[in-house]
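Okay, structure first, notes after.
Here, each number is a calculation from the coordinates, and none is a lab measurement. Keep in mind it's a predicted model, so treat the numbers as computed, not measured. Positions of Cβ are generated from backbone atoms using ideal geometry, with glycine treated the same way; all protein chains shown enter the neighbour counts.
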Amino acid sequence: MKPRARDAFRALGALLCFYLIVAVVAQALAFILPSPWGNSVAGVIAPIAVQLVIGALLANLLWAARRWRAWRDMGWPGLTPGLRAFGVGLGLGLVMAAVALALELSVGRGRIGLTGEPFSAYAKVAVLLLPALAVAALSEELLFRGFPLSRLSDALGPAGASLLLALGFAGLHAVNPGVTLLGLVNVALASLALSAVYFKFGGLPAAWGMHFAWNAGLGVGVDAPVSGIAFRLPGIDYSADGASWVTGGLFGPEGGAIGTAVMGAVVVWLGGGLLGLTPVPSPLRSAQGGALPDGGTAPPTKRVGEE
């Protein structure tokens, strides 16, 4: 077997082990933690996301403890640069959500209105929904960026790893309410955009910030559906009367041509870097590249986020 093919199989094996650990831990926690946490959307999302986050972090801890991969190589750049990267991602995600909403209102004949319910009713739901969305975004980034993206990049390069994980990310959303083929294409584009942000702006915190801001900007900001999930916040109402292939219909802005334009623009803007970037050489490995303790090889390359 050629070295490149052997490295790819080893990387896939490492990913299977990672996902198996996450699944076992999450399932064990499901017997311990009550679920759902109430009847709200936040109460349904939060426990599942928490279980996945704990499972993924424990898997990360195992790889770091066994000296198979440094925390930085799994997308954690450290506290100060991590906070900076999260802020960059947060700002980018909010801009993307704002642009999508502007297009929904102008091209998609969308409307945002107040229903007359008190602000306190809205705030009561929003204050629970925001942390639930934050943890949900983190869980998906740990599963599709972080260790999986880093490890696959060793064998396939950033572009190949990003494309493969984009297919998995789209598959994860294939059973969401109101999903369409175009919606799945856009979810895959979103995954590519998140991977580009991961490499360009500082790893997991940047991708997490963008993911969370997009979901919160649409869902909490104006009560628009996000990946087919309707939040139904009191006090605010969102609707779009344009063609569903434009607006996304019940799937939300991610399901239509507007979502394609926004996600596609970010991929074109940042995605070129995926073709030139290569993974970070771990301080725990040889500075000249070589074998990884969990299998595979990695060349000496520049760091995630480096120009």
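Structure data summary
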item	result
Among D73, D237, D154, residue whose mean-square fluctuation peaks in a GNM of the chain (springs only between Cα atoms under 10 Å)	D237
Within the chain, helix-based [θ] at 222 nm, where runs of 4 or more DSSP H residues each add -39,500 (n - 2.57), nearest 500	-22000 deg cm²/dmol
Contact order normalised by residue count of the chain, Cα under 8 Å, 6+ apart, percent	25
Intensity falloff of region 75-219 expressed as log10 I(q)/I(0), Debye formula with alpha-carbon point scatterers, at q = 0.10, 0.18, 0.20 Å⁻¹	-0.38, -1.11, -1.28
Unit Cα scatterers, Debye sum, the chain: log10 I(q)/I(0) for q = 0.09, 0.15 Å⁻¹	-0.45, -1.17
Formal net charge of residues neighbouring Y198 (Cβ-Cβ distance under 9 Å; K, R +1; D, E -1)	+1
Contour minus Cα-Cα distance for D237 and S35 (0.36 nm per residue)	69.9 nm
Relative contact order (percent, whole number), region 122-185, Cα cutoff 8 Å, 6+ residue spacing	19
